[in-house]
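A quick write-up on the structure given underneath.
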């Protein structure tokens, strides 16, 4: 990621990334399907953790509460990563291809959350909507967390976005 | 679109599309930036109509009500297009590149709606959330409308999805 930040994502080749990481190009492609994927390493683990949180939510939790459990579960993950996340996001925001990949990841995450909610007996419409609301909350909270001059944590921003969402939905 | 449906999107070349439409390839590219874009012709006009509806919503309409006005404004557009929309969606669903383009369009639409809400004096967080909820409602309603055996119109499905969204947000 230092390479992407210093020289620009477009100008950095897979050969250079692999070299910096002490890998051959062949090994690189065993770990990542392409150059874009490096920036999204770990997203599969995050998704698994979120799905597990939905599965483990109390049986009487509402669909939205179960989806929120997924966001609360991963809030901790971001704790020490603010400077890293800022640099990473600046790279993504500067490149439409990377923004596309990011949107794909979030769309896939939304489908997985909706599926986990369905497994809890939630109707399809409500599962889809709860998952989409959780993704909207996550995106907004993440943006606010990145730029927060007061350095409040991700959990604070997730809860604050949920509060706003409820008030918007009700009005 | 008949070409995409009959031979498959991947197998259809720009030359073939242009020929069928009575255009040269050069003229084709004056109208569409690429092969994908043909399927999203008209999306700019829809976006403009939706933004206008937000701008024209009553001054005392809530952010969500103003965003819903955008969906109600375009519901009419879909009336005669169900068979066409079904064929179009089947092509998109069969191709990851087209799904990516669709997601990009919806993301851009969400940004435009949020911007129009901001112009009404809505705070940034609430504008973003109301726009994202409107997009979630639109996606769900469109899917339900496409497959509705009872042939109920788009407006019915938009309102039904809104009702579900409110109940999920409240629970």
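Within segment A:29-43, identify whether any single residue is farther than 28 Å from residue B:99 by Cα, exposed (fewer than 13 other Cβ atoms within 10 Å of the Cβ) and more than 13 Å from chain B (Cβ to nearest Cβ), and answer yes or no.
No, segment A:29-43 contains no residue that is farther than 28 Å from residue B:99 by Cα, exposed (fewer than 13 other Cβ atoms within 10 Å of the Cβ) and more than 13 Å from chain B (Cβ to nearest Cβ).
Can you confirm whether residue A:150 is closer than 24 Å to residue B:141 by Cβ and without any contact (Cβ under 8 Å) to a residue 12 or more places away in the chain? Break it down into steps so the answer makes sense when it comes.
On the way: closer than 24 Å to residue B:141 by Cβ: no; without any contact (Cβ under 8 Å) to a residue 12 or more places away in the chain: yes.
So residue A:150 fails the test.
Touching a helix residue (DSSP H, G or I) at 6+ places or on another chain (Cβ under 8 Å), part of a loop (DSSP other than H, G, I, E, B) and either surrounded by fewer than 23 Cβ atoms within 10 Å (Cβ to Cβ) or modelled with pLDDT of 95 or more (or both) - does that describe any residue in segment A:135-144?
For segment A:135-144, residues touching a helix residue (DSSP H, G or I) at 6+ places or on another chain (Cβ under 8 Å), part of a loop (DSSP other than H, G, I, E, B) and either surrounded by fewer than 23 Cβ atoms within 10 Å (Cβ to Cβ) or modelled with pLDDT of 95 or more (or both): absent.
Does residue A:171 satisfy being within 10 Å of chain B (Cβ to nearest Cβ), touching a helix residue (DSSP H, G or I) at 6+ places or on another chain (Cβ under 9 Å) and at pLDDT below 90?
yes
What number goes with the only condition from (1) exposed (fewer than 12 other Cβ atoms within 10 Å of the Cβ); (2) outside the structural domain of residue B:152 (by TED's automatic domain parsing) that residue B:21 does not pass?
For residue B:21, the failing item is (1).
Please state which one of B:79, B:65 is at the interface with chain A (Cβ under 10 Å from one of its Cβ atoms) and either touching a strand residue (DSSP E or B) at 6+ places or on another chain (Cβ under 9 Å) or over 24 Å from residue A:103 (Cβ atoms) (or both).
Just one listed residue meets the conditions, B:65.
With the structure loaded, tell me whether residue A:85 is under 23 Å from residue A:166 (Cα atoms) and either surrounded by 14 or more Cβ atoms within 10 Å (Cβ to Cβ) or more than 10 Å from every other protein chain (Cβ to nearest Cβ) (or both) or whether it fails that test.
Here the answer is no, as residue A:85 does not meet what is asked.
Taking only segment A:145-159 into account, find how many residues are touching a helix residue (DSSP H, G or I) at 6+ places or on another chain (Cβ under 7 Å) and within 12 Å of another protein chain (Cβ to nearest Cβ).
Number of matching residues: 1.
Restricting the search to segment B:51-75, which residues are in a helix (DSSP H, G or I) and free of Cβ contacts under 8 Å to residues at least 24 places away in the same chain?
B:52, B:53, B:56, B:65, B:69
For residues that are in contact (Cβ under 8 Å) with a residue 12 or more places away in the chain and in a helix (DSSP H, G or I), scanning just segment A:153-162, find the one that is farthest from residue A:87 (Cα to Cα).
Kept after step one, since they are in contact (Cβ under 8 Å) with a residue 12 or more places away in the chain, are these residues of segment A:153-162: A:153-155, A:157-158, A:160-162.
Now drop any that are not in a helix (DSSP H, G or I), which leaves A:154-155, A:157-158, A:160-162.
Working: A:154: 17, A:155: 21, A:157: 19, A:158: 21, A:160: 24, A:161: 23, A:162: 26 Å.
Looking at the filtered set, the residue picked out is A:162.
The values are calculated or read from the model by the stated rules, or taken from the named source; none is laboratory data. Since we're looking at a predicted model, the values are computed, not measured. Here Cβ is always computed from backbone atoms with ideal geometry, including for glycine, and neighbour counts include all displayed protein chains.
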